[in-house]
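J.: Below is the structure I would like to discuss, written out as structure tokens.
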Amino acid sequence: MPREKSIIRQVCAIRIQELMCGKWEYTGPDEHGVPGHLRECPPRGVVAVRGRRACDRVLHRSVHSRQGGLKIMKKILELITEEVTRAFTACGYDAKYAKATRSNRPDLCEYQCNGAMAAAKEYRKAPFVIAEEVAARLAGSPVFSMAESVKPGFLNLKIDEACLAGYLADMQADEGRYGCEKTHNPRTIMIDYGGANVAKPLHVGHLRSAIIGESVRRIGCFMGHRMIGDVHLGDWGLQMGLIITELKCREPELVYFDENYEGEYPEDAPFTISALEEIYPTASRKSKEDEAYREAAMQATFELQQGRRGYRALLAHILDVSVADLKRNYENLNVSFDLWKGESDAQPYIPAMVQKMKDDGFAYLSDGALVVDVKEETDTKEIPPCMILKSDGASLYNTTDLATIVWRMEDYHPDEIIYVVDKRQELYFTQVFRCARKTGLVPAETELKFLGFGTMNGKDGRPFKTREGGVMRLEQLVSQINLEMHKKITENRKMKENLDISAEEALETAEMVALSAIKYGDLSNQAGKDYIFDIDRFTSFEGNTGPYILYTIVRIRSILTKYYAQAGEERKAVIQAAHSASEKDLMIQIAEFNSVMETAFEETAPHKVCSYIYDLANAFNSFYHETKILTEENEETRKSYIRLLELSKAVLEVCIDVLGFAAPERM
């Protein structure tokens, strides 16, 4: 009997494939709700009198639509909703009531439609009567293995196993995209993330902006948009004057301080990154204790901004040394930027921008400062004016950010600019965005988006610190996680004596897994929420963690490697209809890939990708524990399992790539 059921499932899967190719058609239920049947399609050019081709009627048209002549694979929920819609309209009800969703009671069904409840008032019928009619219409649908009405008027649905297998076969055939089409209307989107300051080491406060921004950029790239990442360095203002002043105190003989020097300045910087990271905090401390020292730093800042040659040469050295170190640290996080622009790059645009604001009547003097009103009638709280220049004529962060918008619009003409910054800066960016729109720096169609992130806290619920209570350097945090993962992998290596992993491979694997722990631990939380950075939990191989996701991928790779060693790669086999509940659950999870990616992009929400792969990993591991994959006696079933594993692995690998980490070959 089990073998007969397997053969029936295989035949169903083949029929679904033929349906999608137009070889067969489904006649559909008649007006009395009597189920239809399959029949061979008439030759091309011959019009079928009774019913339409099933590829148009049910599957092919549902799985694919066309946009601009290009074939687009629909989402699984769209396929289901379209089938339910046809049933609703055939019964005389408005299509708006036919929306299907994933079931909130998976013990009863896989999908549900509650439209009959809403339709009852309009049609003056009991909800259950409407649900009964629709369920009768769906009785013979190839899309569903179950469509039943449940009082008081719910429609419970289970997708047909062969239909689901056909959908996954389409995904697998779309290698690299797996049913997630690139947009046919690509946009240019700039992302402002990172926010590092020159001459200062990265600390844990820089982590979230870098990780979230990188993932948003990668998701956008995957969806086909032109994503441009800009680190937006803090390289202007008093901090530069402080460094110059302290350097002058230490080495006054340097040619950079000789106002009469007209030659070329040295190519090599007169300091290392280590020295630079010591100079700034020393200068900052002195400026708080010595008013004359602070005045000297402010004067140096003014002269730098006015273009003094020696100071501009020092700024170039500070940037070169700092950026080289920042790139190294960001590379350790697998974070990259297309642009390494800083606040200093916006300075040439400030004079003309300010003058235009004055000429257009937007900017006016208030207590000596130049401001632009940005309050609106609908405001429920006070929004202060946006200050453009201080009373002494000096620029502010507002000025620099507005001028940065100017050069971004001139050089790249973005359709959208996303700022990945601390959520506590929301009021500030509200002022900047409103000022940019009011003064015409951006056209109405250009979107300015604030993506505010919450605080990364320690177990005590306070901002993450070192054991001594200081701000932890990012490099120190990464090193700490690396050591923890290396310890766990080394212990695993000792326990599995047959696992021939060298010390070098163990170290490399530890770094990959540690990165997953850091990034997944952060990204799995909604960006705007504070979260607890728990090293013990994040580095665990169990639960909702990066290491658990990687362990699942490595497990799949291991099974596939064993199979390929015995039988070679099998590309001709197709995924069959599910043989068990756990296999079907895995298939349903995989089928949601394109929907998840689209939603994650539209909502700027990497955490939705994390949630998806956690559910997918759980579904796979349930299937793995309940199924004898390599020892399955039926060869075709075994091949089907392998194809399902290949698709599971491929989808998981795409997802972790957009999150910014990768899986090792083994763990």
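J.: Could you rank Glu278, Glu161, Glu633 by how accessible they are, 1.4 Å probe, largest area first? List each step's numbers first, then the result.
T.: Numbers: Glu278 80, Glu161 55, Glu633 170 Å².
Per-residue accessible area, sorted high to low, gives Glu633, Glu278, Glu161.
J.: Tell me, what is the 1.4 Å probe accessible area of Phe464, in Å² to the nearest 10?
T.: 30 Å²
J.: Determine which residues of the stretch 232-248 fall in the zone a paramagnetic label at Gln347 would reach in this model, i.e. backbone nitrogen under 12 Å from the point 7 Å along Cα→Cβ.
T.: 235-241
J.: Follow-up. Could you tell me what percent of the DSSP beta bridges with both partners in the stretch 355-512 are antiparallel, to the nearest 5?
T.: Here the share of antiparallel DSSP bridges comes out near 55 percent.
J.: Let me ask something else about it. Determine the distance separating the Cα centre of the stretch 444-458 from the Cα centre of the stretch 198-244; give it in Å without decimals.
T.: Taking the Cα centre of each part, the stretch 444-458 and the stretch 198-244 sit 13 Å apart.
J.: Also, quick follow-up: For the modelled label position 7 Å from the Cα of Glu303 along Cα-to-Cβ, which residues of the stretch 227-247 have backbone nitrogen atoms closer than 15 Å?
T.: Correct set: 240-247.
J.: With θ taken as phi - 60° and the coefficients 6.51, -1.76 and 1.60, list the Karplus ³J(HN,Hα) couplings across the stretch 378-392 in order, rounded to whole Hz; mark glycine and proline as x.
T.: 7, 4, 9, 9, 5, 10, x, x, 8, 7, 9, 9, 6, 4, 8
J.: May I pose another question? Residues of the stretch 390-406 with amide nitrogen under 11 Å from the 7 Å Cα-to-Cβ point of Gln425?
T.: Under cut-off, by backbone N: 397-398, 401.
J.: Would you work out which of Ala363, Cys180, Gln112 lies farthest towards the positive end of the dipole of the chain? Charges go on Cβ: Lys and Arg +1, Asp and Glu -1.
T.: The one lying farthest along the dipole's positive direction is Gln112.
J.: In terms of solvent-accessible area of protein heavy atoms at a 1.4 angstrom probe, what is the ranking of Glu83, Glu382, Glu376, highest value first?
T.: These residues rank, largest area first, as Glu382, Glu376, Glu83.
J.: For the stretch 342-399, report the convex hull volume of the alpha-carbon atoms normalised per residue, in Å³, without decimals.
T.: 99 Å³
J.: Nearest 500 deg cm²/dmol is fine: what mean residue ellipticity at 222 nm does the chain get from its DSSP H runs of n ≥ 4 alone, each adding -39,500 (n - 2.57), divided by its residue count? Spell out each step's value before the answer.
T.: Values: 23 runs with 336 residues, N = 667.
Here the helix-only value at 222 nm equals -16500 deg cm²/dmol.
J.: Show me, for the stretch 171-188, the HN-Hα J-couplings you get by feeding each phi into the Karplus relation (A = 6.51, B = -1.76, C = 1.60, θ = phi - 60°), rounded to Hz, glycine and proline as x.
T.: Karplus-based 3J(HN,Hα) across the stretch 171-188 equals 4, 5, 5, 8, 4, x, 10, 6, x, 9, 6, 5, 4, 9, 10, x, 10, 9 Hz.
J.: Karplus couplings for the stretch 231-238 from phi (6.51 cos²θ - 1.76 cosθ + 1.60, θ = phi - 60°), rounded to Hz, Gly and Pro as x?
T.: The phi angles translate into 6, 6, 5, x, 10, 9, x, 4 Hz.
J.: Would you mind calculating the gained length between Ser580 and Thr490 on full extension (0.36 nm times residue separation, minus the Cα-Cα distance), in nm to one decimal?
T.: Working it through step by step, the gained length comes to 28.7 nm.
J.: Pairs of alpha-carbon atoms within less than 8 angstrom and 6+ residues apart define the contacts here; what relative contact order does the chain have, in percent?
T.: 13 percent
J.: Go ahead and run the numbers for FRET between Ser502 and Arg177, Cβ-Cβ distance against an R0 of 56 Å, rounding to 0.05.
T.: The computed FRET efficiency comes out at 0.95.
J.: I've got another one for you. Could you check the spin-label model distance between Ile273 and Ile383? Points 7 Å from the Cα along Cα→Cβ, value in nm.
T.: Between Ile273 and Ile383, the label points sit 4.1 nm apart.
J.: Still on this model: In debye, nearest 20, what is the charge dipole magnitude of the chain about its Cα centre with +1 on Lys and Arg Cβ and -1 on Asp and Glu Cβ, if you could check?
T.: On the way: 85 positive and 101 negative charges, 573 e Å.
So the magnitude is around 2760 debye.
J.: Antiparallel versus total DSSP beta bridges in the chain: what percent is that, nearest 5?
T.: That works out to approximately 55 percent antiparallel.
J.: Separation of the stretch 255-282 and the stretch 116-156 by C-alpha centroid, Å?
T.: Here the two parts' Cα centres lie 77 Å apart.
J.: Please state the relative contact order of the stretch 312-416 as a whole percent: Cα pairs under 8 Å, 6+ residues apart?
T.: 22 percent
J.: Give, in nm to one decimal, the length gained when the segment between Thr631 and Asp360 is fully stretched (0.36 nm per residue of separation minus the Cα-Cα distance).
T.: Contour length minus Cα-Cα distance gives 89.8 nm.
J.: Sticking with this structure for a sec: Would you rank Arg424, Arg666, Arg537, Arg557 by solvent-accessible area, highest first, keeping every protein chain in place and using a 1.4 Å probe?
T.: Numbers: Arg424 175, Arg666 80, Arg537 115, Arg557 40 Å².
So, going from the largest accessible area down, we get Arg424, Arg537, Arg666, Arg557.
J.: If I model the stretch 524-667 as equal point scatterers sitting on the Cα atoms and use the Debye formula, what is log10 I(q)/I(0) at q = 0.12, 0.19 Å⁻¹?
T.: Cα-only, vacuum Debye calculation for the stretch 524-667: -0.52, -1.17.
J.: Let me ask something else about it. So how tilted is helix 607-626 from the main axis of the chain? Cα-based, degrees 0 to 90, rounded to 10.
T.: Tilt of helix 607-626: around 40 degrees.
J.: Suppose R0 equals 45 Å. What FRET efficiency, 1/(1 + (r/R0)^6) with r the Cβ-Cβ distance, do Cys249 and Glu475 give to the nearest 0.05?
T.: 0.95
J.: Quick one, which of (1) 188; (2) 220; (3) 228 is the actual volume of the Cα convex hull per residue in Å³ calculated for this model?
T.: (3)
J.: Also, quick follow-up: How much FRET efficiency would the formula 1/(1 + (r/R0)^6) give for Trp407 and Asp536, where r is the Cβ-Cβ distance and R0 is 45 Å, rounded to 0.05? Intermediate values should be presented prior to the final figure.
T.: Details: r = 45 Å, r/R0 = 1.01.
With a Förster radius of 45 Å, E is 0.50.
The values are calculated or read from the model by the stated rules, or taken from the named source; none is laboratory data. Just so we're clear, the structure is a prediction, and the values are computed from it rather than from any experiment. Because the Cβ atoms are built from the backbone with ideal geometry, glycine has one as well, and the counts that use them run over all protein chains shown. Areas reflect the complete protein model, heavy atoms only, side chains present, ligands, DNA and RNA absent. Shrake-Rupley method; radii C 1.70, N 1.55, O 1.52, S 1.80 Å.
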